[in-house]
Amino acid sequence: MSGLLERIAGKLRSYREPGYYTKLDHKWTMVIDLDKCNGCEACVVACYAENNLPVVGREECEKSRAFSWLRIERYVEGEYPDVKVKFIPVMCQHCMKAPCETGCPVYATYHNQDGLNVQVYNRCVGTFTCATYCTYDVRRFNWFTYKWPKPLEAQLNPDVSVREMGVMEKCTFCIQRIRSAKDTAKDESRPVKDGDIKPACSQSCPTGAIYFGDIQDPESVVAKLAKSPRRYRLLEELNADPSVIYLKRVMGDGTSSHE
Amino acid sequence: MKKLILYAVVGGIAFVIGYFVNDQFFSDRAPVQPINFSHKIHAGDNQIPCQYCHIYAERSRVSGVPNVKRCMGCHQIIKTDSPEIQKVASYWDKKEPIPWVKVYNLPDHVYFPHKRHVRAGVDCKNCHGDVASMARIEKVSSLQMGWCLSCHTKREVKNGHDCWTCHK
Amino acid sequence: MKRRDFLKFIGIGGVGAGAGFVLGKVSKPPGAKLIPYLIPPEDIIPGVATWYASVCTLCGAGCGTLVRVMEGRAKKVEGNPGHPINRGGLCALGQSSVQALYNPDRITKPLKRKGPRGSGEYAEITWDEALKTLAANLIELKSKNESEKFHLLTSPLGGTIDRLAGEFVSAFGSSNYSHYGLFQRKNLAFANLSTMGTASIPHYDIENTKYLLSFGADFSSTWVSPVNYSNGYGKMRQGTGERGKLVQVEPRLSLTGANADEWVPAKPGTEALLALAIANTIVEKGLARDASAWRGVLSRYKAKDMASICDVPVERIEAMAVEFARTRPSLAIAGDSVSSYENGISGAIAVNILNQVAGNIGVIGGVMPNGDDLGNGKKIDFGRKISTLISAANADKIKTLIVYGANPVFTTPKAARLEEALSKVPFIASFSSFMDETTAHADIILPAHTSLEDWGDDFPDPGVAAPVASIIQPVVSPVFETKSLGDIFIELARAVGGNVAGKITAPNFAEYLKASWKGLYSRNREMAAGTLGFEDFWNKALQRGGWWGPSRKMTATVSARAGEHLTGAPARFEGEEAQYPFYLIPYAQTAYMDGRGANLPWLQELPDPMTSVVWGTWVEINPKTAASLGLKEGDMVNIESPFGKISAPVYLYPGIRPDTVAVPIGQGHSHYGRYAKGRGANPIEILPYKEDPLSGEAALNSTRVRITRGATGERLVKMEGSTKEFGRGIVQTVSPSEFKRMKKEVV
């Protein structure tokens, strides 16, 4: 018996070499400039289009089962006429110390060598644990196997699985685009360059508020922006070490901000 | 009552056995194709390289079935009297593609690029077997995840064990 | 064990194994087929995506797109990073154009009416029959010398297709070709015509301005060219230079207003007076740069007089005036809260005057006239209004009407009685690909391609102070039995025969388009530069998505005669204040625009950016007002104007004046497919029929309403939990002064 346990532990160790979480190939990071974001939600539709997100309909929306991996949160402060509105796009923060990963009983969500928090649909058994552990409420559950009325299914992206009932899913940082960029780079025998990868949300953003890149590369745009004095991370005090960095919005405290 | 449970258990075990017998011994590993195409003649006897017909293997995730024009490119002249070739010609004349039966079928959630494997120097034989000796193409690999991983392990593929290397 | 039992076990075992075997057999995937190409297409590698450059036509902005196509199917529409209008971005509506292409409710074949008009009951016919029926009708009209009784009504088309449609109508012997759209911005164009001499919208250089004063221009969501302006906005906020400031004047905080540094909720209908008061203050304080023509006019609009009318403190007007004049460059833009009133032209002229007084016209970061549109821009014919069409129909002056792209039945108020007028038209044909409310009145439907299947071109208006010509090319083969819009006109011309066929001789629209571009190429030396003849130019343009030249700086001379259109009074609203206490602001929402986006499932499920409501209509009411009426969120109310009533659930919105309510436009369709039909309410229905006599633009902000309880209908479905942060510091901010200090530290 103990021999068997030792073998299992050894097997696990071989997947969890020392430094597995610290020496990453890449550390994909997103920087979102809240001073540029105007809340137009172009990114939300881009995400639906890229990642085969189903439209669930009015009744399911009412049960808060809408699928948006990426949402624009909106906060309203004050009373008329001193109303302040703030927008923030929230998607999976790809935490380096992700609470969801510790919860999954079947290792369906784990951290890979790119610093991504990934979800393996084939492993997922739908215990919902990760969604309850998630700090940012970004995980979405397939309550049903959703259908696309013909011929809408012709639009489905062949690079992304169409998920079935009972599976948890979430933002992947458009891992299929990362994969395809790596593929192209490999064909050209070069490392992935900064700017090769643009997730769908970042690509579509009319104001150019969403930046994406490898923060381990000191020359990358995200590495430079990450040093901005406006930088902060969402609910940083919870210590989940998220990979999404926000740049604070510049905003007056009252209406009489002119000099 | 006790007996009923016993019947159910026996029936259940038999059911599972039947299922696996079907799966293991009655699966059509070499389905009959609409045209009695022989890889042995093409790739074996005549030594035509794989990528002469499967033209996308090095450029795309799919290797590509040869288009009918490519077949006719040779067979307008070669062996036009053979009844099988005449079948090909009849498809060409009807302007219909040939409905080949798929032998190697991967599930939709797998990302498998032929390109990466071909460019990494994996021989076609590694997965498709000795096609040059097959009169009718036959599936020789299980295409199961363990089979993929055993090769990734052997060849020490970078991140070859990461789920998202192959799953999508 | 008894022998009997043993046999039973054998039996059960046999049946079980057999059942397992059969299940194994059945559950195996059926022999998947490998279907090769007959002849491989040259530019396609299976499994590798191809990107085609085209243009988005979901609104009039003309953003360049790249469409990802795999195995002949359009997968995704993205902004073309090289295109000067949108520079890579694309809005929610534009990205959903792929759902218009693959919409399950498209009209798949030509149809002939079966039931009564408006019922939407149709029988399928062949293209041959459809073209013959329509041609026979037109030939009959011609033979009776009633060519003038043929009308063509389209959405604001531009470029080559517009020319072809015009040629068709004129060759037929009619002069009745008109454009119609709810958001044509005709007031703005008319104001620019009378102040600057061109009936178009100039390039507003938001990118380089440092003080943007927007009069209700919701450029983040739908106003004129949202992606271009949003791109500029991003650069204005966090570009290379100093951070620009945005001030929004509007009664209801729009998406753009939500991003503004200051919100000035002036009284609805008085915003133009506020603009004039600001301009006058600039003149009075001696800060004006170019006021010679306006000194006299402006002296009537003293800040202290206007303050009470506009409900804006006089100190605030003065502070805005000083900042607007001193900050260089500054820019004022005339959006819906000046141009959507019954005196919208006056309002837009007031903003032009303000820009001129502050010296913002023809400067970087200000108003930059576009100049030459390569001779193909969207021409606005102010004389052709929807009212012209309605009165012609009522006077039996329309025998045959062809409609394409426009949906006036949905976008004109009930008070206009358009449906009644249409019932007097003996024959209506529609070229629409969707069963919209207007198409449902058609006797025959000849469905045209969507823009992803069709050829075309676009000369964006407003441009970017540089010549831009983009090409629309088919990226997928037609999904259904539809035809290219241009081909329908060409084939119809052939079927009608006579001089119509003599005039339009091109074999198909693709050839017609290419010939048109050949003409453009031969006339334009900039286009020809660096190309090896037309074919080379054409192929490059197809690859790039079009052709665009270097930007040119244009100035405009401002005519003081524009002053004659200034009304100098607040805009009027229908309904007595005592009976109808609230101003109604119907507004264009991000996703649905004028209602065209309502049939696209992604957009129905897209939470409204300001309220997070999905799949329905709502009415925005200030919480204080709601409390005084005893209303809480989600209560169903009737919104009643002197012209009718609709009902919608209440959404409590602090960003709206207490004397105002707002309802988004776009829902309340009676047709238009499974996603749109029978959902929400259409606020346009209860508007008065008020059309500007000069420009023809409908006045959307023109009635008062009352709110009463007791309605029944759909519940409010919103995605938000709370709009409060509860001290969690989710969206963190820095003050402008702190930001300035930060910037210095970094440098």
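The values are calculated or read from the model by the stated rules, or taken from the named source; none is laboratory data. All values derive from a computational prediction rather than experimental measurement. Neighbour counts run over all protein chains shown; Cβ positions are idealised from the backbone, glycine included. Remember, those area values only see protein heavy atoms, side chains included, never the ligands or the DNA or RNA. Shrake-Rupley method; radii C 1.70, N 1.55, O 1.52, S 1.80 Å.
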Checking A:173, A:144 in turn, the sole residue that is exposed (fewer than 15 other Cβ atoms within 10 Å of the Cβ) and among the aromatic types (Phe, Trp, Tyr) turns out to be A:144
Residue under question is residue C:379, and the condition is that it be within 26 Å of residue C:113 (Cα to Cα) and either in a loop (DSSP other than H, G, I, E, B) or at pLDDT 95 or above (or both); does it hold? no
I want to confirm something. Restricting to the stretch B:21-38 and keeping residues that are facing chain C (nearest Cβ under 8 Å) and surrounded by 14 or more Cβ atoms within 10 Å (Cβ to Cβ), which single residue is farthest from residue C:23 (Cα to Cα)? B:31
Which of the residues spanning the stretch C:576-587 are open to solvent by 10 Å² or more (accessible area, probe 1.4 Å) and assigned to a strand (DSSP E or B)? C:582, C:583, C:585, C:587
Taking the stretch C:588-612 and keeping only residues that are part of a helix (DSSP H, G or I), more than 11 Å from chain A (Cβ to nearest Cβ) and hydrophobic (A, V, I, L, M, F, W, C), one is left with C:598
Where in the stretch A:150-259 are the helices (runs of 4 or more DSSP H), entirely inside, with at least 3 residues that are among the small types (Gly, Ala, Ser)? A:175-187, A:200-204
When restricted to B:55, B:13, the only residue within 11 Å of chain C (Cβ to nearest Cβ), out of contact with any helix residue (DSSP H, G or I) (no Cβ under 7 Å at 6 or more places or on another chain) and open to solvent by less than 50 Å² (accessible area, probe 1.4 Å) is B:55
Any residue that is among the aliphatic types (A, V, I, L, M) and either under 30 Å from residue C:86 (Cβ atoms) or in contact with a Pro (Cβ under 6 Å, 6 or more places away or on another chain) (or both) - is there at least one of those in the stretch C:7-23? no
For residues that are within 26 Å of residue A:35 (Cα to Cα) and either among the polar types (S, T, N, Q) or within 13 Å of the chain's Cα centre (by Cα) (or both), scanning just the stretch A:73-115, find the one that is nearest to the other protein chains (Cβ to nearest Cβ). A:90
Please find, within the stretch A:148-162, the residue that is most open to solvent (accessible area, probe 1.4 Å) out of those that are more than 7 Å from chain C (Cβ to nearest Cβ) and in contact with an Asp or Glu (Cβ under 8 Å, 6 or more places away or on another chain). A:162
Tell me which residues, restricted to the stretch B:63-77, are within 11 Å of chain C (Cβ to nearest Cβ) and open to solvent by 60 Å² or more (accessible area, probe 1.4 Å). B:69, B:70
Look through the stretch B:36-69, keep the residues that are among the small types (Gly, Ala, Ser) and part of a loop (DSSP other than H, G, I, E, B), and return whichever of them is farthest from the chain's Cα centre (by Cα). B:60
Going through (1) in contact (Cβ under 8 Å) with a residue 60 or more places away in the chain; (2) open to solvent by less than 40 Å² (accessible area, probe 1.4 Å); (3) under 22 Å from residue C:408 (Cα atoms) one by one, residue C:149 fails only at (2)
For residue C:67, indicate whether it is open to solvent by less than 20 Å² (accessible area, probe 1.4 Å), in contact with a Leu (Cβ under 9 Å, 6 or more places away or on another chain) and away from chain B (no Cβ under 14 Å). yes
In the stretch B:94-116, residue nearest to residue B:61 (Cα to Cα) [restricted to those that are in contact with a strand residue (DSSP E or B) (Cβ under 8 Å, 6 or more places away or on another chain) and at the interface with chain C (Cβ under 10 Å from one of its Cβ atoms)]: B:102
Quick one: which of C:211, C:233 is of a type in the set (Ser, Thr, Tyr), open to solvent by less than 10 Å² (accessible area, probe 1.4 Å), more than 27 Å from residue C:383 (Cα to Cα) and within 9 Å of another protein chain (Cβ to nearest Cβ)? C:233
Within the stretch C:716-747, residues over 26 Å from residue C:615 (Cα atoms), facing chain A (nearest Cβ under 7 Å) and open to solvent by 50 Å² or more (accessible area, probe 1.4 Å) come out as C:728, C:732, C:733, C:745, C:746
Which numbered condition trips up residue C:713, out of (1) crowded, with 19+ Cβ neighbours inside 10 Å; (2) small (Gly, Ala, Ser); (3) on the phi > 0 side of the Ramachandran plot? (1)
Meets criteria (open to solvent by 10 Å² or more (accessible area, probe 1.4 Å), free of Cβ contacts under 8 Å to residues at least 40 places away in the same chain and acidic (Asp, Glu)) for residue C:481: no
Which condition number in (1) assigned to a strand (DSSP E or B); (2) away from chain C (no Cβ under 14 Å); (3) aromatic (Phe, Trp, Tyr) is the one that residue A:121 fails? (1)
Would you check which residues across the stretch A:55-72 are more than 7 Å from chain C (Cβ to nearest Cβ), outside any loop (DSSP other than H, G, I, E, B) and farther than 24 Å from residue A:199 by Cβ and list them? A:59, A:60
Hey, residue C:355 in contact with a helix residue (DSSP H, G or I) (Cβ under 8 Å, 6 or more places away or on another chain) and either free of Cβ contacts under 8 Å to residues at least 60 places away in the same chain or outside any helix (DSSP H, G or I) (or both) or not: no
Residue identified as among the charged types (D, E, K, R) and open to solvent by less than 20 Å² (accessible area, probe 1.4 Å) among A:123, A:58, A:139: A:139
Looking for whichever is facing another protein chain (nearest Cβ under 7 Å) and within 15 Å of the chain's Cα centre (by Cα) here; the options are A:44, A:31. Which one fits? A:44
Take residue C:451 and decide whether it is open to solvent by 20 Å² or more (accessible area, probe 1.4 Å), over 14 Å from residue C:400 (Cα atoms) and in a loop (DSSP other than H, G, I, E, B). yes
How many residues of the stretch A:164-199 are under 14 Å from the mean Cα position of the chain (by Cα) and not aliphatic (A, V, I, L, M)? The answer is 10
Only unsatisfied item for residue A:198, checking (1) facing chain C (nearest Cβ under 10 Å); (2) surrounded by fewer than 19 Cβ atoms within 10 Å (Cβ to Cβ), is (2)
Can you find a residue that is open to solvent by 60 Å² or more (accessible area, probe 1.4 Å) and of a type outside the set (A, V, I, L, M, F, W, C) anywhere in the stretch A:244-254? yes
